[in-house]
Amino acid sequence: MPYELTDEQRDRYRETSIRSQLRKRELLRRHIEGGDTDTVELGQRFDPNDLMPQLESNGLTCLSLFSGGGGLDLGFERAGFEHGSAFEILDICGKTLQANRPEWDVRYGAAGDVCIAPFTPFRGVDIVHGGPPCQPFSTAGKQAGANDARNMWPDFVRCIQQTRPRAFIAENVPGILDRKFATVVNKNILAPLSENYIIFKFKLAAHDFGVPQARRRVFFVGFRAARDAARWVAPLPTHGDVGDLLGPIFSRNTTRRSLGLPDQGFDVVAPTLRSGFTGPRNTTGVVNSKASLKIWNELHIWPNGVQPTRALAAAYKPENGDFRLSVDDCALLQGFPSDWRFCGAVYQALGQIGNSVCPPVAYVVARQVARALRG
């Protein structure tokens, strides 16, 4: 439904928009011409690779579905898995995967449509992993579940049935475990696979594994062999409130410190980043709620109008003087290393980032799966 605005409100918003555009044009002109800009002196930044040191090859191969920006793929690669093939229907995501890993077999566009792809040629692959679209179960959507046209769980299940991997990993939003979806989950996910797989489901929080962002997700992990399932141990948090003898080893990575920003007396993990692919417009902001905006304001970080580069973000400071985010900053807060680049416009890059599994979280799941399979 469109907003009902008075003529006075429309005039005020129009004046604000015009003033913002003129200010942006002037600041960016000065940047292009090499004039002085009020930049922030940044300190050492968080390196997501520290959370997922490259492991030696474990000899296990992966088939990736709904690959998106590559969060699961990158985490599994860092954990020592061999990348087999990736399926992704969005062209821009496929281009990102190919740009970062030209040697990978990436199938995108019509070739990456899991609804029509035959998977029997991939029989013998060790792992199938993917994050079927979460919108049918997300609290941010209509929660239509199995009735949502974007529900791709049946095709994920079909892939498992056709390839018969030793294990599978699926990721989704916590809403999928709500009571209202219990019948859907049992009928469409658990029942078709439980005859041949022992399935575990659990929740993980990204900030419990060093990612400087509050992001909770559900994982389904299934093993075909009982002996492998018997060795499965879900990842235990590595970051948190340090002090408990049996608690995390490291304190959480917080937003300002991870971005290399100076201490201003308040620093917490970032709110969950909103995907730029969601909503009616191609947004270049990452705010997903009023509560998250309050946290961003307290952090003195401007989460709207994300810029393509850090240089442009520094040149176009918000009127209130807060730090403006760039695409690289958002990728860092999601746990992507600095050498992983995203193709496309800003909203497309943010869409890939916000829809991805945080690579360090994918890494800890992949590492535990490898341990179970290798004994």
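Brief remarks on what is shown
- Which of His207, His300 has the fewest Cβ neighbours within 10 Å, and the rest in rising order: His300, His207
- Order by protection proxy (mean Cβ within 10 Å, highest first), peptides 249-261, 352-364: 352-364, 249-261
- Placing unit charges on each Cβ (+1 for Lys and Arg, -1 for Asp and Glu) gives the range 251-355 a dipole about its Cα centre, and among Val268, Ser326, Gln352 the Cα reaching farthest toward its positive end belongs to Gln352.
- Rough spin-label spacing in nm, given labels placed 7 Å along Cα→Cβ, for Leu236 and Asp47: 2.7 nm
- Ranked packing of 122-130, 42-50, most packed first, by mean Cβ within 10 Å: 122-130, 42-50
- Computed extension gain for Asp178 through Ile116, at 0.36 nm per residue and net of the alpha carbon distance, reaches 19.4 nm.
- Summing charges over all other residues whose Cβ lies under 15 Å from the Cβ of Arg215, with Lys and Arg as +1 and Asp and Glu as -1, gives +3.
- Cut-off 12 Å (backbone N to label point 7 Å along Cα→Cβ of Ser57), residues of the range 64-82: 80-82
- Computed packing ranks the peptides 208-220, 336-348 as 208-220, 336-348, most packed first, by mean other Cβ atoms within 10 Å.
- When +1 charges are put on Lys and Arg Cβ atoms and -1 charges on Asp and Glu Cβ atoms, the dipole computed for the range 219-349 relative to its Cα centre reaches about 420 debye.
- Summary of the geometry: the range 85-138 and the range 330-345, compared by the centres of their Cα atoms, lie 19 Å apart.
- Full extension of the chain between Asp11 and Arg227 gives 70.9 nm of extra length, using 0.36 nm per residue less the Cα-Cα distance.
- Counting 0.36 nm for each residue step from Asn297 to Asn282 and taking away their Cα separation leaves a gain of 3.1 nm.
- The mean of 1/r over all pairs of different alpha-carbon atoms in the range 251-355, once inverted, gives a Kirkwood hydrodynamic radius of 13.8 Å.
- Shape class for the range 172-230: oblate, because the ratio a/c of the largest to smallest gyration tensor axis (alpha-carbon atoms, square roots of eigenvalues) is 1.5 or more and b/c is at least a/b.
Computed from the coordinates by the stated procedures, all read-outs in this text should not be read as laboratory data. Everything quoted here is computed from the prediction, not taken from an experiment. A quick note on method: Cβ atoms are made from the backbone with ideal geometry, for glycine too, and the neighbour counts reach across all protein chains shown.
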